[in-house]
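Participant: I'd like to ask some things about the structure below.
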Amino acid sequence: MLDDLRGAPALDIRDLRAGYGPLEIIRSLNLTVEPGEFVALMGPNGAGKSTLLKTIFGMATITGGSIGWDGRNVAGMTPRRILGAGIAYVPQGRCNFPLMSVDENLDMASYAVPKGNLKADRDRIYDLFPVLHERRRQPAGNLSGGEQQMLEMGMAMLMRPRLLLIDEPSVGLSPQSIQKVFDELVAINRGGCTILLVEQNTRKAMQVASRVAILRLGEVIWTGPPAGITFEELGAIFMTGELPQRARKTEDSDETRL
Amino acid sequence: MPTLTRRQFAALTASTIPFSALARPARAQVAGNGGPLKIGLIVPLSGPLARFGGFASHGAELAVKQINAAGGVNGAPIELMRGDSQGTPVEAVSAARRVISDDKVQVILGDIASSATIALQPVVEDAHVILLNAASSNPDITYKAGVGGYKWSFRSYPTDELRAKVILQFGAEQKHFTRYAVLSVDSDFGRGAIAFSKKYLPQFHGEILSEDYYKDDETDFRPVLSHIKSLNVQGILSYGLPDATRLIVRQILELGLAGKVTLLGSGEFTYPDTIKVSPAVLNGAVEAAAWAPDLDNPRSLQFVADYRTAYGTKEVPNVHSYTHWEAVYLLAAAAKAAGGTEGSALRSALEAIDYDGATGKIRFDSHHQAELPMFIYEVEGGKSVEKGAFIAKVEYPA
Amino acid sequence: MLTDAVVNGITAGSVYALVAVGMTIIFGVLRAINFAHGEFYMLGTFGAWWGIETLDLPYIVSIPLALIIVAAIALAVGVLVMKRLIDQPFQIGIVATLGVSLVLQNVIILIFGGAYKMFDGGWIEPVEILGISLSEQRILIVVAALVIFGLLELMVHRTRFGKTIRAVSQNIEACKVVGVNVPVVVIGTFVLGCTLAALSGVLTAPVTVSLYGGMGTSITVKTFAIIVMGGVGNVSGTLFAAWILGLMESFVASYLGLQFRDAVAFTALIVVLTLLPGGLFSKRERF
Amino acid sequence: MAMTGVNVHGSYIYANPRHGLRAAGFAVLVIALAAAPLVAGDYQLHALIVSMTFLLPALGLNLILGYAGMLSFAQMAFFGIGAYSSALTAMRWGTPFWLNLVVGGLAAGIVAVPLGIPALRLRRYSFVMCTLGFAVIAQTIAKNWISVTRGDLGLSQVPRPRIALWNGGFEITSITSYYYLALVLSVLAVLAFLTLVSSAAGRYMIAIREDETLAASVGTPTWHYRMIAFALSAVFAGVGGSFYVHYFTVISPTVFDPFYANTVLVIVLGGGVGTVGGVVLGSFLFVAVSEALRIAPDLRMIAYGLLLIVIVFACPEGLLPLFIRKIRFGGGTHVP
């Protein structure tokens, strides 16, 4: 269904500076993402991971640099135009319409980008997330955390994005829900959608991502495949901002925890 | 409530009141002491009372224009400075202080809201500036003026005690009413007039069966009128606001009370615009007014004509338009008599003035209260008919 | 007397309801108390009055004219002021709308003079229903309130615009995420809400007869009371809350005295809010 | 609903190093004000007195809104209660001014407690509604309790302030002496306010405002401190009302009209909520603006309304931050 989107151009962020009002959080950030990649953004609290997603989606103040997408600079565009350009965003925390039914929530998502017809759009999402179909008449606010997260991902998918920005999808979810959410993310990525993920659950993120980018103080300080870095090294980078001398370990050592 | 002593009443017919239009200043005199007459008009120009300030402002401005066109006073044009009181003591005092201090006015003309007027009294007292009030009804204003204390405060507006008594007397003697309901505005005017009415009710064998007061922006009188309907009263004593009167009239009509109850009191019941709302309801309505636009007096009729020329035929002057217009002429006459505008000379001239206004002689008593008549009008056959004028000398609490 | 009180309460409540429903949807999308709401009620009556007096239009034609004028003014206010209130703390909204209210009120005084005007139009002949005498205009108001509330319920739950209004009032961030054009919805809602207030003004003018610049002020406070009682953004809740307030006032005025009406109504309101902090009709506590 | 945007509160509650600067600014202002009668005329002095009269209820509102995070329209009801009780005491017993102030403040504070019990449980808009309703109820009582308040006639010729310990002393009559009385009162009020907000109670209030759930979870008795804030805000307003009534010598139920409540609201929100300097600045600025606009009586309120709109969008945190920023950063940015 999303196969036709393969070969979409890369996201190309250069010297980005951004934040909220006069407060600058992203300072000179560079990052390129190839089509079809699944990139996990990692870094300590306050590194600017969530702000980066917000900035790409046009919900923060940009003070410098560029965000290349589709061969044009989307920096400074409104979220609506960015959506139109094929980028969707699932923010952290509950981001749905709690007093509307699941059906209505999905309708809201398809209203904004009127491409298909409502019914077909909804069915597409219900195929993807059958659990939503069971609860389609219930207010979104009555759904479990995992169900709401899936609803929000479904709403984002309705926008037919080629790049999905998703912030902390596992927060507050049960282990089963987390597994389900990440399974769906992988499926979405396989369908051809590029994903930029912010995730505190480092283990999970490193399992699903094709590449990791580490942020510290508003800059990308290291990027590479998950296999290229250990948990200890991650922890050290979070603390000091420097990659320690390699004391190589087996990459899947389960006892290593952050 | 303060105790009030009896007043003497003298009923006159309107035709017996001697009228003579104020002689326009024929030629410029040598400017006297104190420079040109400067009047600070302090009335609500914004806020909920702006609807009355607008009338007052128009009246005073018209008088200034007319007097200046005829050569001014003592050879100089009158200057009018307006200040917005918003009907509150704070803003009234601020506005007054400004015109006193910056514009050096000799007279403050205002306010409409009694609480604002009362707050102005000590201010003008300290500044030795005259305060002429032509619209407030609180009895305290002149109880505490003149020999009562404030030497610089005057009021050229009849008191509500006279109004209340005259209405009851008319109701008893002409209409033989004994059963009344009260529906008055919730202000010192409405409540004060009813307090005075209660004092005179026994004398006229009347009783009040229900008592309601409405806020100045009230729009729904149906509940009260339904209640009144069930009480089978003859007259509704209403001392209220003209715009509320129209609502009351229309809602009386709605409730099928037309012709069953009669409005008595004050609220422009006999104005053509009000009668137009429903002649059926207003037939027999009795108004006690300090002035009315159809007052059969050449000076008054001329004023109404001039006013409508100046501000458009749709705007009928109200009582505030007239009193403020006349007050400016009164001040001009005082300035002329004083031969200037120096404060104490002006005050003495005002104390001694014997001025022919459109409604009668204006003379101030020892409390600086003008003795003014109250006119009774009744609606007969959809027309306002003058039934007489009443005048009284106010007796003050010791 | 009892039926009188009930009928009076319902008719008065219907007037409140029409004004309040506009404010409740505006409150829903902006979380701002529109202190200028009563001014749009006032502008409605002035628009119709102007049509009747200056253009010699019949009342029925002056109604749409007034609504168009008010919608245009509301659009200007919406673009210049209300749009900027999105995402602002609620205090900003209070000061801004107080400013709007001062400007509108005093511009009207400047243009037409402060003195009150008389409204000449409408159907004011009394008719008897169930032994109660009522003007045709008042019946029209009650009917209009019912029809408009029916339409609004449909709009809010069935139409795209209605759903976006609800969406904005539930979660502005989510609206941005799914690409709802929040400023357009806010301005649209504001224009709709103000036009409803104006409609109430135009329909009520024949029974309130007098109009003046400051006439909207007291409406705003009562309206505020109603939307808090009815639950924010709750359309049918607003109608019932308005009727309840109307009935409460009517009973106080009939049996206790007009001067106690506002105080008793507000006392009852405080009691209601204390017992049910989310209002009478909302599904859950929302503010 | 997610309310993004910059937190309007608390950005300018300064840490200790800046106390010196603030104290110096405060001292300069007081000295300048003390010298004002040398150059100002009666009218200007009167305008300053009005500013200082509104400063007290504004400080009270600042306490409940800026430090406890609740918007109250009851400020002017408390102002009126303070004015009435103080006027009645003075008229009946000829009490000295200081006692009238105490009576006014206490009366307002005492009334606030039973009102606060139901009201403070409510959340934002229901609370606003509740306080608005209270002002309406207070006005109705003032109008109908005729034996005490004289109803709509109001109380007039309220005694001027008598400065004495008990008997004798002297009466304030001239505008200059009123001015100094107002100045002394204002300085004392500001000092009392500063002491209060830097006390433990003040810190708890800020904690509650910033995050009520968190404050409650660490064991802060939130309701208790809200009640303190509410009652003290009433005391400030009551004392202000007491001064008001002895200056204007008249009080009527119109004191409960929205005009006064709106003025106080504009002062606090326009000057800078949650700051003392902002409220002081707001009091002077907004009275000054409203007086300056008297040059055009017809356009005055239109201009005032436009100004409110412009100011609130140009400096949503009030005017004080604008002033401070200019001083501290030379117009640069700041970190909230």
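The values are calculated or read from the model by the stated rules, or taken from the named source; none is laboratory data. Please read these numbers as outputs of a predicted model, since none were measured by experiment. Quick reminder, even Gly has a Cβ in these numbers, built from the backbone with ideal geometry, and neighbours come from all protein chains shown. When the accessible area is computed, the model is the full protein with side chains, heavy atoms only, and any ligands, DNA or RNA have been set aside. Shrake-Rupley method; radii C 1.70, N 1.55, O 1.52, S 1.80 Å.
Participant: Condition test on C:Val107, is it within 18 Å of D:Leu307 (Cα to Cα), more than 14 Å from chain B (Cβ to nearest Cβ) and without any contact (Cβ under 8 Å) to a residue 12 or more places away in the chain?
Facilitator: Criteria not met by C:Val107.
Participant: So B:Leu225 passes all but one of these: (1) crowded, with 23+ Cβ neighbours inside 10 Å; (2) over 16 Å from B:Val281 (Cα atoms). Which condition number does it fail?
Facilitator: Single failed check for B:Leu225: (2).
Participant: On to the next question. Please determine, by comparing only the residues of region B:344-396 that are assigned to a loop (DSSP other than H, G, I, E, B) and among the small types (Gly, Ala, Ser), which one is surrounded by the fewest Cβ atoms within 10 Å (Cβ to Cβ).
Facilitator: Applying the filter and picking the extreme gives B:Gly381.
Participant: I'm trying to understand the selection: among the residues of region A:79-93, which are out of contact with any strand residue (DSSP E or B) (no Cβ under 7 Å at 6 or more places or on another chain) and either open to solvent by less than 10 Å² (accessible area, probe 1.4 Å) or facing chain C (nearest Cβ under 8 Å) (or both)?
Facilitator: Across region A:79-93, the qualifying residues are A:Pro79, A:Arg80, A:Ile82, A:Leu83, A:Gly84.
Participant: I'm trying to understand the selection: among the residues of region C:89-102, which are surrounded by 21 or more Cβ atoms within 10 Å (Cβ to Cβ) and more than 19 Å from C:Met42 (Cβ to Cβ)?
Facilitator: Of everything in region C:89-102, those that are surrounded by 21 or more Cβ atoms within 10 Å (Cβ to Cβ) and more than 19 Å from C:Met42 (Cβ to Cβ) turn out to be C:Gln91, C:Gly93, C:Ile94, C:Val95.
Participant: If only one of A:Gly146, A:Gly172, A:Gly154 is of a type in the set (Gly, Ala, Ser) and either in a loop (DSSP other than H, G, I, E, B) or farther than 25 Å from A:Thr194 by Cβ (or both), which one is it?
Facilitator: On inspection, the qualifying residue turns out to be A:Gly172.
Participant: Is it the case that region A:106-119 has a residue that's away from chain C (no Cβ under 14 Å), among the acidic types (Asp, Glu) and more than 22 Å from A:Gly36 (Cβ to Cβ)?
Facilitator: no
Each row is one residue, and each column tells you yes or no for (1) facing another protein chain (nearest Cβ under 8 Å); (2) surrounded by 24 or more Cβ atoms within 10 Å (Cβ to Cβ); (3) farther than 21 Å from D:Met52 by Cα.
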{"site": "D:His224", "(1), (2), (3)": "no, no, yes"}
{"site": "D:Ala237", "(1), (2), (3)": "no, yes, no"}
{"site": "D:Phe259", "(1), (2), (3)": "yes, no, no"}
{"site": "D:Val268", "(1), (2), (3)": "no, yes, no"}
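Participant: Moving on to the next point. Hey, among C:Val70, C:Val21, C:Val29, C:Val7, which residue is in contact (Cβ under 8 Å) with a residue 60 or more places away in the chain, part of a helix (DSSP H, G or I), open to solvent by 20 Å² or more (accessible area, probe 1.4 Å) and farther than 20 Å from D:Leu308 by Cα?
Facilitator: Among C:Val70, C:Val21, C:Val29, C:Val7, only C:Val7 is in contact (Cβ under 8 Å) with a residue 60 or more places away in the chain, part of a helix (DSSP H, G or I), open to solvent by 20 Å² or more (accessible area, probe 1.4 Å) and farther than 20 Å from D:Leu308 by Cα.
Participant: Right, here's the next one. List the helices (runs of 4 or more DSSP H) that sit entirely inside region B:230-315 and contain at least 2 residues that are assigned by TED's automatic domain parsing to the domain that holds B:Tyr214.
Facilitator: Filter on region B:230-315 gives B:242-254, B:272-277, B:279-282.
Participant: Further question on the same structure: Taking the stated definitions as given, is C:Leu55 more than 7 Å from every other protein chain (Cβ to nearest Cβ) and either over 30 Å from B:Gly59 (Cβ atoms) or part of a helix (DSSP H, G or I) (or both)?
Facilitator: no
Participant: In the list B:Ile112, B:Ile39, B:Ile108, which residue meets the criterion of being open to solvent by 10 Å² or more (accessible area, probe 1.4 Å) and among the β-branched types (Val, Ile, Thr)?
Facilitator: Being open to solvent by 10 Å² or more (accessible area, probe 1.4 Å) and among the β-branched types (Val, Ile, Thr) holds for just one of B:Ile112, B:Ile39, B:Ile108, which is B:Ile112.
Participant: I would also like to ask the following. If D:Ser51 meets every condition in (1) modelled with pLDDT under 90; (2) under 20 Å from the mean Cα position of the chain (by Cα) apart from one, which number is that one?
Facilitator: (1)
Participant: Could I ask something else about it? Residue by residue through region D:140-154, note down the ones that are open to solvent by 10 Å² or more (accessible area, probe 1.4 Å) and either on the phi > 0 side of the Ramachandran plot or not hydroxyl-bearing (Ser, Thr, Tyr) (or both).
Facilitator: D:Ile141, D:Lys143, D:Asn144, D:Trp145, D:Ile146, D:Val148, D:Arg150, D:Asp152, D:Leu153
Participant: Separate question: Does C:Ser200 qualify as being at pLDDT 90 or above and away from chain A (no Cβ under 14 Å)?
Facilitator: Yes.
Participant: Here is a further query. Is at least one residue of region B:130-144 part of a loop (DSSP other than H, G, I, E, B), buried (at least 24 other Cβ atoms within 10 Å of the Cβ), in contact with a helix residue (DSSP H, G or I) (Cβ under 6 Å, 6 or more places away or on another chain) and facing chain D (nearest Cβ under 10 Å)?
Facilitator: yes
Participant: So in region C:112-127, with the set limited to residues that are under 24 Å from the mean Cα position of the chain (by Cα) and either open to solvent by 50 Å² or more (accessible area, probe 1.4 Å) or of a type in the set (Ser, Thr, Tyr) (or both), which one is farthest from the other protein chains (Cβ to nearest Cβ)?
Facilitator: By that ranking, first place goes to C:Trp123.
Participant: A further question follows. For region B:108-142: of the residues being under 18 Å from the mean Cα position of the chain (by Cα) and among the β-branched types (Val, Ile, Thr), which is modelled with the highest pLDDT?
Facilitator: Once the filter is applied, the top-ranked residue is B:Ile108.
Participant: Being among the acidic types (Asp, Glu) and open to solvent by 50 Å² or more (accessible area, probe 1.4 Å) is the filter here, so list the residues in region C:41-60 that pass it.
Facilitator: Passing the criteria: only C:Asp56.
Each row is one residue, and each column tells you yes or no for (1) under 22 Å from C:Thr97 (Cα atoms); (2) hydrophobic (A, V, I, L, M, F, W, C); (3) open to solvent by 10 Å² or more (accessible area, probe 1.4 Å); (4) in contact (Cβ under 8 Å) with a residue 12 or more places away in the chain.
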| position | (1), (2), (3), (4) |
| --- | --- |
| C:Leu151 | no, yes, yes, no |
| C:Arg160 | no, no, yes, no |
| C:Ala167 | no, yes, no, yes |
| C:Ile172 | yes, yes, no, yes |
| C:Gly179 | no, no, no, no |
| C:Val182 | yes, yes, no, yes |
| C:Leu199 | yes, yes, yes, yes |
| C:Tyr212 | yes, no, yes, yes |
| C:Ser218 | yes, no, yes, yes |
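Participant: Considering only residues that are of a type in the set (Asp, Glu) and within 19 Å of C:Leu256 (Cα to Cα), look in region B:171-215 and name the one that is most open to solvent (accessible area, probe 1.4 Å).
Facilitator: Ranking the qualifying residues of region B:171-215, first place goes to B:Glu207.
Participant: Out of curiosity, is B:Tyr239 facing another protein chain (nearest Cβ under 10 Å) and either buried (at least 24 other Cβ atoms within 10 Å of the Cβ) or at pLDDT 90 or above (or both)?
Facilitator: no
Participant: Are there any pairs, at least 6 apart or on different chains, whose C-beta atoms fall under 6 Å, with the first in region A:12-25 and within 9 Å of another protein chain (Cβ to nearest Cβ) and the second surrounded by fewer than 19 Cβ atoms within 10 Å (Cβ to Cβ) and of a type in the set (S, T, N, Q), and if so, which?
Facilitator: What qualifies is A:Pro22/D:Thr333.
Participant: Okay, next question. So B:Ala244 passes all but one of these: (1) in contact (Cβ under 8 Å) with a residue 40 or more places away in the chain; (2) closer than 25 Å to C:Ile132 by Cα; (3) more than 10 Å from chain C (Cβ to nearest Cβ). Which condition number does it fail?
Facilitator: Status for B:Ala244: all satisfied but (3).
Participant: Do we have B:Gly71 as open to solvent by 30 Å² or more (accessible area, probe 1.4 Å) and on the phi > 0 side of the Ramachandran plot here?
Facilitator: yes
So that you can scan it fast, the table gives a plain yes or no per residue for (1) over 24 Å from A:Asn45 (Cβ atoms); (2) free of Cβ contacts under 8 Å to residues at least 40 places away in the same chain; (3) of a type in the set (Gly, Ala, Ser); (4) crowded, with 20+ Cβ neighbours inside 10 Å:
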{"residue": "A:Gln148", "(1), (2), (3), (4)": "no, no, no, yes"}
{"residue": "A:Gly154", "(1), (2), (3), (4)": "yes, no, yes, yes"}
{"residue": "A:Leu164", "(1), (2), (3), (4)": "no, no, no, yes"}
{"residue": "A:Gly172", "(1), (2), (3), (4)": "no, yes, yes, no"}
{"residue": "A:Glu184", "(1), (2), (3), (4)": "yes, no, no, no"}
{"residue": "A:Asn189", "(1), (2), (3), (4)": "yes, no, no, yes"}
{"residue": "A:Gly192", "(1), (2), (3), (4)": "yes, no, yes, no"}
